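Working notes, structure below.
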Amino acid sequence: MSGTFVGMPAFPKAAHEAVHDTTLRGNLRHATHTIRGKRAKAVAEVSDWAELREAGKRIKDHTLRHLDRYLVQLEESVTAAGGTVHWAADADEANRIVADLVKATGESEVVKVKSMATQEIGLNEALEAEGIRAYETDLAELIVQLGRDRPSHILVPAIHRNRGEIRDIFRKEMSEWGRPAPDGLTDTPAELAEAARLHLREKFLRAKVGISGANFMVAETGTLVVVESEGNGRMCLTLPETLISVVGIEKIVPTWRDLEVFLQTLPRSSTAERMNPYTSMWTGTTDGDGPRTFHLVLLDNGRTDTLADEVGRQALRCIRCSACLNVCPVYERAGGHAYGSVYPGPIGAILSPQLRGVSSEIDASLPYASSLCGACYEVCPVAIDIPEVLVHLRERVVEGGQVTSNGNKVVLKPAKGHAAERAAMRATRWAFSHPGALRTGQRLASRTRRLHPRTLPGPGKAWSETRDLPTVPAEPFRDWWQRTQGGKDGAK
Ligand code: SF4
């Protein structure tokens, strides 16, 4: 069973620990810089990238505006194609539905395609509690599961591990989950991949139930789409007799024509490929081809609350490409675990506090996990203005939670230190509205500047530890202006 994010400390504390881990920082720096360089090249090949990006944004906005209509259309299409649709308001309901469906088959193990939605709801842990073992089959997810670890990247969940660490995990843990690692396993990529292939193959051939997410759902035909690079996903989607897909309600697109846009932008933004090596699509069930039973669990879990927020709702456009993580200077140094959620990086900083909608230290700290440099917005293939949403959420945090939706108050507790920030702002306002006092204060600050400490005491200590305090000039600007410009052109 993988570790969970329950009880994670607030971002600054978790990040503080991560930045001192030199191995982690080395692994992350190498991986993110390699991916970001490749992505830039893949995007530059497309002459109409800006138009595709705009089209993706508009399609998602249109779909979200009419989500109720498209969801009903999707349900009708899936049902007509032989599938069964279930609606889950939250994680508990979704987990209960899936556990009951698996139990109804009489099976006690399932194979899983990499799926963020099932991680979001803690499905593996819920199934374990019901005596059902879930096997992750995506290579990176397998590494995370065997290492009893947590994912730290959307696309490459084990990005924080290097090859030596992966070899050690395989050697130590594979035997407990099934076929052991081959004797003398080294850390060469080919040997590691072969060990994983052999380990997983027996599970694919045995499993009667598969569980997946989906990258997209096409409302007009009820078709689900999974894109991936390894082919393990396709085995999960086609070999079992029963397939259960758990998908967030925002993953819907109205038509195949809309899908075409994202099948161009997603692979270039995520793996820097022109198209995904494996694009699996299925519509309900087909006699003699693939699973005989198909269930679709449509997951809300905070999405309609997010939709009610006019600024924050753009986070629901996300197609989980991870481009924003790979360019983020904060993610590169802090790593994915510091975000306390399956959604790390810039998108996690705006999505988790909205989806979870609860008062917690970690959620209140996430909107501050950014320098607002805007690199995430620049690369986002659906033009989510992440800095705008971060600032918006900071307002909510400082105000102690003001946003209501569906009659529910969404409360974010102000993080420690915000009381001091408010006091500082009040003092500044008083000084700016009393020019005489401001001038006296500035002169005093200039005269005593050699005595100023380089770090602040008390609540300001943490803030000044990571920043250079500005040097106070020998002469205040107003005095300099008066001395050099006084009397000229009406200067006072
Ligand atoms: S926010 Fe944009 S860049 Fe980040 S994962 Fe989502 S779609 Fe990709």
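Laboratory data are not the source of any read-out in this text; all were calculated from the coordinates shown. Keep in mind it's a predicted model, so treat the numbers as computed, not measured. Here Cβ is always computed from backbone atoms with ideal geometry, including for glycine, and neighbour counts include all displayed protein chains.
Could you give the distance between the Cα centres of region 37-72 and region 277-291, to the whole Å?
With region 37-72 and region 277-291 each reduced to a Cα centre, they are spaced 25 Å.
Determine the calculated [θ] at 222 nm for the chain from helices alone, applying -39500 (n - 2.57) to every DSSP H run no shorter than 4 residues and normalising by the residue count; nearest 500 deg cm²/dmol. Please list the in-between numbers first.
On the way: 23 runs with 245 residues, N = 492.
Roughly -15000 deg cm²/dmol at 222 nm, from the helical runs in the chain.
Treating only the Cβ of Lys, Arg, Asp and Glu as charged (+1, +1, -1, -1), what charge dipole size does region 3-303 show about its Cα centre? Round to the nearest 20 debye. Kindly include the intermediate steps, with their values, before the conclusion.
Details: 38 positive and 44 negative charges, 180 e Å.
Dipole size: approximately 860 debye.
Please list, in chain and number order, the residues 5+ apart from Ile252 or on another chain whose amide H is under 5 Å from its amide H, with Hs placed from the backbone.
Here the answer is Met217, since their amide H atoms fall under 5 Å of that of Ile252.
Before anything else, pin down the relative contact order of the chain: Cα pairs under 8 Å, at least 6 apart, normalised by residue count, whole percent. Please list the in-between numbers first.
On the way: 836 pairs, mean separation 94.0, N = 492.
This gives 19 percent for the chain.
Could you pull out every residue, at least 5 positions away or on a different chain, whose amide H is within less than 5 Å of the one on Ile159? Hs are placed 1.01 Å off N in the peptide plane, and Pro or chain starts have none.
Counting only residues 5 or more places away or on other chains, the set is Ser152, His153.
Among Asn301, His16, Gly222, whose Cα projects farthest towards the positive end of the dipole of the chain, with charges put on the beta-carbon of Lys, Arg (+1) and Asp, Glu (-1)?
Positive-end residue among those listed: His16.
Considering only the other residues whose Cβ falls under 10 Å of the Cβ of Phe11, what net charge follows from Lys and Arg at +1 and Asp and Glu at -1? Numbers along the way, then the final one.
Details: positive: Lys13; negative: Glu361, Asp363.
Value of the local net charge: -1.
Among DSSP bridges having both ends in the chain, what percentage is antiparallel? Round to the nearest 5.
On the way: 12 of 36 bridges.
In the chain, approximately 35 percent of DSSP beta bridges are antiparallel ones.
Assuming a ≥ b ≥ c are the square roots of the Cα gyration tensor eigenvalues, decide whether region 419-485 counts as rounded (a/c under 1.5), prolate (otherwise, with a/b larger than b/c) or oblate. Write out the running numbers ahead of the final one.
Numbers: a/c = 2.65, a/b = 1.41, b/c = 1.88.
Here region 419-485 falls in the oblate category.
Under the classification rounded if a/c is under 1.5, otherwise prolate if a/b is larger than b/c and oblate if not, where does region 3-303 fall, given a ≥ b ≥ c as square roots of the Cα gyration tensor eigenvalues?
Details: a/c = 1.55, a/b = 1.16, b/c = 1.34.
Oblate, because a/c is 1.5 or more while a/b does not exceed b/c.
What does the charge count around Glu273 come to, taking other residues whose C-beta lies under 12 Å from its C-beta (Lys +1, Arg +1, Asp -1, Glu -1)? Provide the component values of the computation, followed by the final result.
Values: positive: Lys38, Arg39, Lys41, Arg268, Arg274; negative: Glu45, Glu228.
Surrounding charge for Glu273 is +3.
Taking Cβ-Cβ under 4.7 Å as the only way to count a partner, pick out the unpartnered cysteines of the chain.
Within the chain, the cysteines lacking a partner Cβ under 4.7 Å are Cys236, Cys318, Cys321, Cys328, Cys373, Cys380.
Show me the GluC sites (Glu not before Pro) within region 41-107 that DSSP assigns to loop and that have at most 14 other Cβ atoms within 10 Å of their Cβ.
Working: sites: Glu45, Glu51, Glu54, Glu75, Glu76, Glu93, Glu107; in loops: Glu45, Glu107.
For GluC sites (Glu not before Pro) across region 41-107 that sit outside H, G, I, E and B with at most 14 neighbouring Cβ atoms in 10 Å, the list reads Glu45.
In the neighborhood of Arg25, defined by Cβ-to-Cβ distances under 11 Å, what is the net charge if each Lys or Arg adds +1 and each Asp or Glu adds -1?
Working: positive: Arg29, Arg333; negative: Asp21, Glu332.
Around Arg25, the charge tally is 0.
Classify region 42-161 as rounded, prolate or oblate, taking a ≥ b ≥ c as the square roots of the eigenvalues of its Cα gyration tensor: rounded when a/c is under 1.5, otherwise prolate if a/b is larger than b/c and oblate if not.
Values: a/c = 2.53, a/b = 1.23, b/c = 2.05.
Oblate, since a/c reaches 1.5 and b/c is not below a/b.
At a threshold of 8 angstrom on Cα-Cα distance, excluding pairs fewer than six apart, so keeping six or more, what relative contact order does region 419-485 reach in percent?
On the way: 28 pairs, mean separation 20.6, N = 67.
Relative contact order comes out at 31 percent.
In the chain, with Lys and Arg counted as +1 and Asp and Glu as -1 at Cβ, which of these residues, Ala427, Val46, Ser152, has the Cα nearest the positive end of the dipole, that is, farthest along it?
The residue sitting most towards the positive pole is Ala427.
Order these by the 10 Å Cβ neighbour count, fewest first: Cys236, Cys328. Write down the numbers at each step before the final one.
Values: Cys236 32, Cys328 26.
Least crowded to most crowded, the residues run Cys328, Cys236.
Between Thr455, Gly436, Val472, whose Cα lies farthest towards the positive end of the dipole of region 419-485 when Lys and Arg beta carbons carry +1 and Asp and Glu beta carbons carry -1, centred on the Cα centre?
Gly436
Output ³J(HN,Hα) for region 80-95: one whole-Hz value per residue in order, computed from phi by the Karplus curve 6.51 cos²θ - 1.76 cosθ + 1.60 with θ = phi - 60°, and x for Gly and Pro.
4, 8, x, x, 10, 9, 10, 10, 10, 6, 8, 4, 4, 5, 4, 4
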